[in-house]
Structure formats: structure tokens, C-alpha cells
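K.L.:
The structure under discussion is supplied below as C-alpha cells; questions concerning it will follow.
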Amino acid sequence: MRIDVVTIFPEYLEPLNISLVGKARARGQLDVHVHDLRDWTYDVHRTVDDSPYGGGPGMVMKPEPWGEALDAVIGKGPAGEVPTLVVPTPSGRPFTQELAQELAGRPWLTFTPARYEGIDRRVIEEAATRMPVVEASIGDYVLAGGEVAVLVMVEAIARLLPGVLGNAESHRDDSFAPGAMADLLEGPVYTKPAEWRGRTVPDVLLSGNHGRIARWRREQAFARTLANRPDLVARWQYGAFDKKEREA
Ligand code: ADE
């Protein structure tokens with residue numbers, strides 16, 4: 001997968017060089033290019049923002065640098081291909097595991113993290129005439145800019161790419177993964193030693209009885225979901241858990 005990011009803070013994206021995403025890049029599974037939006041400004045101050053039409057607080061990102069940046073980025077891909085444009089914004093559709101999965105299936109993504117009050121709307125509208133556009137929010141809070149949202153989304157997407165995670169099974173039971181455990185949070189996990197600071201690991205996990213272990217994990221997942229995410233409970237479908245039980 002190819003990923004382009006256009007930003008006024010390229011250094012904000014440096015974490016893409018480390019850990020899971022960094023290794024995926026080193027292995028050639030991810031081809032990441034970070035661009036400085038100010039490379040497409042021509043005044044001495046390298047201006048990217050201006051005051052909003054209609055008044056109001058804050059500044060709006062000017063359309064010209066973004067338009068030229070997107071023209072240039074599109075030109076860098078395979079001839080005739082266009083990326084999916086991912087615009088991080090608190091007014092976007094929720095970035096969920098499902099959306100991560102959908103985006104992980106695309107060969108080329110371009111992210112446009114904004115600062116200030118956002119990007120002149122015409123940039124998004126014009127881009128949408130040339131490429132698929134997804135405006136995405138990583139949660140109901142407002143960040144100082146979209147760069148951190150890009151880090152979040154790229155990491156969630158990268159770990160779904162074939163071969164990126166060591167163990168292909170390891171995202172199967174993730175909280176929010178589609179399938180039998182959909183809409184259930186993952187329960188608690190334990191490793192050695194069996195006793196630590198007077199606290200022991202639940203006996204069932206040492207029992208070797210895989211049916212009991214699967215049932216216990218499901219109960220823990222239910223309890224955790226009820227406590228932490230009652231909104232998800234409304235989406236529970238008995239059939240999915242019934243199927244899991246039969247497999248266990
Ligand atoms: N930019 C600022 N806040 C954001 C959010 N919650 N999600 C995505 N992009 C953002």
C-alpha cells in the first residue's frame with residue numbers, strides 16, 4: 001500500500017518510522033511519503049491560512065496550496081490511478097475498525113491533516129470530482145490538528161495489511177473486529193508468573209480446558225462491555241455468540 005501525507009508539520013509524522021509501521025515500511029509492505037504543504041506556497045511567509053469569509057474566530061487553510069499539493073501527489077502514483085483521499089476532521093464519519101478494514105483494502109491513501117479551523121471546503125469538493133474522499137473523525141473531541149489522527153488511522157490500517165502482524169490470527173479476536181466477537185470488548189489477559197504481588201491468574205486459564213476457557217473469556221468480555229460500553233450492548237446479536245459457543 002502507498003500512503004501520502006500532506007502536512008505543515010512533517011516532523012509530527014516521524015513516529016511512522018518506528019515500531020509496527022516502521023517495520024512494515026522497511027519490509028516494503030508500506031510505501032509512506034510525507035510532504036510539506038508549504039512546498040506549494042510562493043510568498044516569503046509561506047502562508048497557508050487566511051481569515052474566514054463570513055467572519056468568526058480562527059483561520060482557514062487556503063485552497064491554492066492544497067490544490068497544488070494534491071495535483072502533485074496524484075502525479076506521483078501509477079499512471080491513471082488516483083488515491084483515496086482521507087480527510088481527518090472532527091466532523092467526519094467515525095473512524096471504526098470497519099472503516100479501517102475498508103481502507104486497508106485500497107492500494108493508495110492520501111491523508112490531508114489540517115490545522116486551524118480546517119481547509120477551505122472547495123478543496124474537498126474539487127478533490128471529490130477526481131478521487132474517492134472519506135472524511136473521518138477518530139473521536140468526539142477536537143485535536144489541535146489532524147496529524148495525530150493520521151497516526152492513529154495509519155496504525156490501525158497498517159496492522160490489517162497482509163503479513164504486517166507476526167501472527168495472522170492476532171487481530172481476529174480484537175475488540176471491534178468483525179465476526180463472532182463483533183461489538184464485544186476484549187477481556188483481560190495474563191502471562192507468567194502465575195502469582196505476582198500476591199495476585200494469581202484465574203484458575204480456569206491454567207485448566208487446559210479450551211471449552212471452559214473460551215466460555216470464561218466470553219463472560220469476561222460481556223462484563224467488560226456492559227461496564228464500559230453500554231452503547232455497544234444494544235448492538236449485540238445473540239446468533240453470533242451462539243455460533244462461537246458451538247465452535248468452542
Ligand atoms: N482533527 C481535529 N480533531 C480531530 C478528530 N477528532 N478526528 C480527526 N481529525 C481531527
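The values are calculated or read from the model by the stated rules, or taken from the named source; none is laboratory data. Computed from a prediction, not measured in an experiment: that's the story for all the values here. As a convention, Cβ positions derive from the backbone with ideal geometry for all residues, glycine included, and neighbour counts pool all protein chains shown. The protein model used for the area step is the full one, side chains on, heavy atoms only, and it has no ligands, DNA or RNA in it. Shrake-Rupley method; radii C 1.70, N 1.55, O 1.52, S 1.80 Å.
K.L.:
Quick one: order Tyr42, Tyr12 from most to least accessible surface, probe 1.4 Å.
P.N.:
Order by accessible area, largest first: Tyr42, Tyr12.
K.L.:
Right, another one. Expressed as a whole percentage, what fraction of the accessible surface of the chain belongs to carbon and sulfur atoms when a 1.4 Å probe is rolled over the protein heavy atoms?
P.N.:
Working: 7370 of 14180 Å².
Result for the chain: 52 percent of the exposed heavy-atom area is carbon or sulfur.
K.L.:
Follow-up question, since we're still on this one. Between Glu135 and Asp231, how many nm apart are label points set 7 Å from Cα along the C-beta direction?
P.N.:
1.9
K.L.:
Using the Kyte-Doolittle scale, find the helices of the chain whose mean hydropathy is at least -0.5 and whose Cα atoms extend 18 Å or more along the helix's long axis, counting only whole DSSP H runs.
P.N.:
Qualifying helices: 63-76.
K.L.:
Once the other residues with Cβ under 10 Å from the Cβ of Arg115 are scored (Lys, Arg +1; Asp, Glu -1), what is the net sum?
P.N.:
Details: positive: none; negative: Asp49, Glu117, Glu147.
Residues near Arg115 contribute -3 overall.
K.L.:
Write down the accessible area per residue of the chain in Å², having rolled a 1.4 Å probe over the full set of protein chains. Spell out each step's value before the answer.
P.N.:
Details: 14180 Å² over 248 residues.
Result: 57 Å² of accessible area for each residue.
K.L.:
May I ask for the net charge around Pro94, where only other residues with Cβ less than 15 Å from the Cβ of Pro94 are counted and Lys, Arg are +1 while Asp, Glu are -1?
P.N.:
That works out to -3.
K.L.:
Still on this structure, I have one more. Counting Lys and Arg as +1 and Asp and Glu as -1, what is the net charge of the other residues whose Cβ lies under 13 Å from the Cβ of Leu103?
P.N.:
Taking every other residue near Leu103 into account, the sum is 0.
K.L.:
Let's test this: bin the Cα-Cα distances of the chain at 5 Å from zero up to the farthest pair and state each bin's percent.
P.N.:
Final binned percentages: 1, 5, 11, 14, 15, 13, 11, 10, 7, 5, 3, 3, 1, 0, 0.
K.L.:
Can you tell me the order of 133-144, 79-90 when each peptide is scored by its average per-residue count of other Cβ atoms within 10 angstrom, highest first?
P.N.:
Numbers: 133-144: 14.5, 79-90: 17.7.
Final packing ranking: 79-90, 133-144.
K.L.:
Here's something else I'd like to know. List, in order, the whole-Hz ³J(HN,Hα) value for each residue of segment 185-202 obtained from phi through the Karplus relation with A = 6.51, B = -1.76, C = 1.60 and θ = phi - 60°; use x for Gly and Pro.
P.N.:
3J(HN,Hα) across segment 185-202, in whole Hz: 6, 6, x, x, 10, 9, 9, 5, x, 5, 10, 9, 6, x, 9, 9, 7, x.
K.L.:
Quick one: which residues, 5+ away or cross-chain, put their amide H under 5 Å from the amide H of Trp108? H built at 1.01 Å from N.
P.N.:
Arg2, Thr84
K.L.:
Give me the dipole magnitude in Debye, nearest 20, for the chain about the Cα centre, with unit charges on the beta carbon: positive for Lys and Arg, negative for Asp and Glu.
P.N.:
1180
K.L.:
Calculate the FRET efficiency for Gln97 and Arg46 from the Cβ-Cβ distance with a Förster distance of 51 Å, rounded to the nearest 0.05. Don't skip to the end; give the middle numbers.
P.N.:
Values: r = 38 Å, r/R0 = 0.75.
So the FRET efficiency works out to roughly 0.85.
K.L.:
Shifting gears a bit: Order the peptides 58-67, 188-197 from the highest to the lowest mean number of other Cβ atoms within 10 Å of their residues.
P.N.:
Ranking, from highest mean packing down: 58-67, 188-197.
K.L.:
Right, here's the next one. Run the numbers for Glu81 and Ala26: contour at 0.36 nm per residue of separation, minus the present Cα-Cα distance, in nm. The partial results should precede the final answer.
P.N.:
On the way: separation 55, 0.36 × 55 = 19.80 nm, distance 2.41 nm.
Gain in length upon complete extension: 17.4 nm.
K.L.:
Using a 1.4 angstrom probe on the protein heavy atoms only, line up Met1, Met131 by accessible area, largest first.
P.N.:
Ranked list, largest accessible area first: Met1, Met131.
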